[in-house]
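Chemist: Sharing a structure, written as structure tokens. Questions coming.
Throughout, read-outs are computed from the coordinates displayed, never taken from laboratory work. Note that the structure is a prediction, hence the values are computed from the model and not measured. All Cβ positions, even for glycine, are placed from backbone atoms using ideal geometry, and neighbour counts span all protein chains on display.
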Amino acid sequence: MKIKIVPENVVAIDEAIAPQQQRARVNLVDAQDVLAAMRRAEAKLDALGIPKRERNGASFYQVPAGPSANSYSYAQGATAFRIARAATDWYLIDVQRIDVYPKQRERQDLTLTPEQDDKAIDVLRRKYLVARAA
């Protein structure tokens with residue numbers, strides 16, 4: 001699966017997600033969740049100072065939080081998805097139904113290439129000075 005994440009493709013995105021959520025009633029996602037995740041991922045790349053031309057290969061994985069009730073004592077199904085950045089656009093590349101556990105936090109994991117990691121560290125280091133021993 002590889003679907004370009006743009007507003008014009010919401011129907012195709014929803015159709016790609018639907019088979020994973022056939023009988024599910026909780027922790028569902030839809031095309032609007034995927035579009036929102038794309039915007040969050042772009043904002044994170046912006047904050048890291050990674051230029052748009054160097055974003056190819058980054059990915060973003062999202063999983064909803066687990067049940068919050070203390071009395072809930074077993075796993076609950078949830079829909080997780082991964083999007084990946086190509087040269088100019090984001091693509092939905094994976095959707096799967098997984099188990100989440102009580103009190104499990106929501107995950108929004110940005111994965112960078114080694115080159116993007118180096119760039120982010122370089123940008124961070126420009127924001128401070130290091131005191132050297134005399």
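Chemist: Can you work out D for region 1-43 in µm² s⁻¹ from Stokes-Einstein, where Rh is the Kirkwood radius over C-alpha pairs, the temperature is 4 °C and the viscosity is 1.567 mPa s?
Modeler: Answer from the Stokes-Einstein relation: 118 µm²/s.
Chemist: Separate question: With an 8 Å cut-off on Cα pairs and a minimum separation of 6 or more residues, tell me the relative contact order of the chain in percent. Numbers along the way, then the final one.
Modeler: Numbers: 217 pairs, mean separation 37.9, N = 134.
Once normalised by length, the contact order is 28 percent.
Chemist: For the pair Glu115 and Ala24, how long in nm is the line joining their label points, each one 7 Å along Cα→Cβ?
Modeler: 3.4
Chemist: List the chymotrypsin sites (Phe, Trp or Tyr not before Pro) in region 71-134 that DSSP assigns to loop (not H, G, I, E or B) and whose Cβ has at most 11 other Cβ atoms within 10 Å. Which are they? Before the final figure, lay out each step's value.
Modeler: Details: sites: Tyr72, Tyr74, Phe81, Trp90, Tyr91, Tyr128; in loops: Tyr72, Tyr74, Tyr128.
When the chymotrypsin sites (Phe, Trp or Tyr not before Pro) of region 71-134 are filtered for loop state and at most 11 Cβ neighbours within 10 Å, Tyr74, Tyr128 remain.
Chemist: For region 74-120, just say rounded, prolate or oblate: build the C-alpha gyration tensor, square-root its eigenvalues into a ≥ b ≥ c, call rounded for a/c under 1.5, and beyond that prolate if a/b exceeds b/c, oblate if not.
Modeler: Working: a/c = 4.37, a/b = 1.86, b/c = 2.36.
It comes out oblate by the Cα gyration axes.
Chemist: Enumerate the amide H contacts of Asp94 below 5 Å, restricted to partners 5 or more residues apart or on another chain; note that Pro and chain-start residues carry no placed amide H.
Modeler: Arg82
Chemist: Roughly how many debye, to the nearest 20, is the charge dipole of region 27-134 about its Cα centre, given +1 on each Lys and Arg Cβ, -1 on each Asp and Glu Cβ, and no other charges? Could the numbers behind the result be given before it?
Modeler: On the way: 17 positive and 14 negative charges, 91 e Å.
Here the size comes out at about 440 debye.
Chemist: Along the charge dipole of the chain, pointing to its positive end and built from +1/-1 on Cβ of Lys, Arg, Asp and Glu, which listed residue (Val95, Gln62, Gly49) has its Cα farthest out?
Modeler: Working it through, the farthest residue towards the positive pole turns out to be Gly49.
Chemist: Considering the Cα positions of region 9-134, please state its Rg to one decimal place and its Dmax as a whole number of Å.
Modeler: For region 9-134, the Cα radius of gyration and maximum Cα-Cα distance read 18.0, 67 Å.
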